[in-house]
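Below: the structure, in structure tokens.
Read-outs throughout are calculated quantities, based only on the coordinates presented, and are distinct from any laboratory measurement. Since the model is a prediction, treat every value here as computed from it, not as a measurement. Cβ: placed from backbone, ideal geometry, glycine included. Neighbour counts: every protein chain shown.
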Amino acid sequence: MANFPHNRIQPRYVPKDVIVVEVMGEGFYDRCRVRDVSISGVSIFVPHSFEGCNIDTALDMFFTMPDKQSFKAKGLLRHLGISGRPYFGIKILSFDGLGQEIWSNYVKRYED
């Protein structure tokens, strides 16, 4: 539930729940746990080094939320980080179906 001290447009929060994201990009597929969330982005732990992954890579994502709701989204890889464990920072560009509503409702729980 911690707000990260980075200078960002929206605050990021560490979720209390397990959120799994399947990430598909050019030449890779990973099933990852979420590191932190914001209205416009997500960072995910990755189980490998960043070989072959470039900034501004387009990604397809499939989110499985704690209440078992799921949705698809498109994103853009914005940064690579190593802070104990390697992670990707992803900007969410669009959601399919009810994804935006599900995501917004989840993130807003941490704003109070």
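If you average the sequence gap of Cα pairs under 8 Å that are 6 or more apart and divide by the length of the chain, what percent do you get for the contact order?
So the answer I get is 22 percent.
Which lysines, on any chain, are close to Lys108 with Cα under 16 Å apart, when same-chain ones fewer than 8 places away are left out?
Correct list for Lys108: Lys16.
State, to one decimal in nm, how far the label point of Thr64 lies from the label point of Ile39, with both points 7 Å from Cα in the Cβ direction.
Distance between label points: 2.9 nm.
Along its three principal axes, how long is region 63-104 when you only count alpha carbons? Whole Å, largest extent first please.
Computed over the Cα atoms, the extents are 32, 22, 14 Å.
For the chain, what does the helix formula give at 222 nm: sum of -39500 (n - 2.57) over DSSP H segments with n ≥ 4, over the residue count, nearest 500 deg cm²/dmol?
Per the formula, -2500 deg cm²/dmol.
Among Gly99, Ile19, Ala58, flag the residue with its Cα farthest along the positive direction of the charge dipole of the chain, charges on Cβ as +1 for Lys/Arg and -1 for Asp/Glu.
Ile19
Which whole-number value in Å³ per residue fits the convex hull of the alpha carbons of the chain?
So the per-residue Cα hull volume is 100 Å³.
Between His79 and Asp112, what is the FRET efficiency for a Förster distance of 25 Å, r being their Cβ-Cβ separation, to the nearest 0.05?
That pair, His79 with Asp112, gives E of 0.35.
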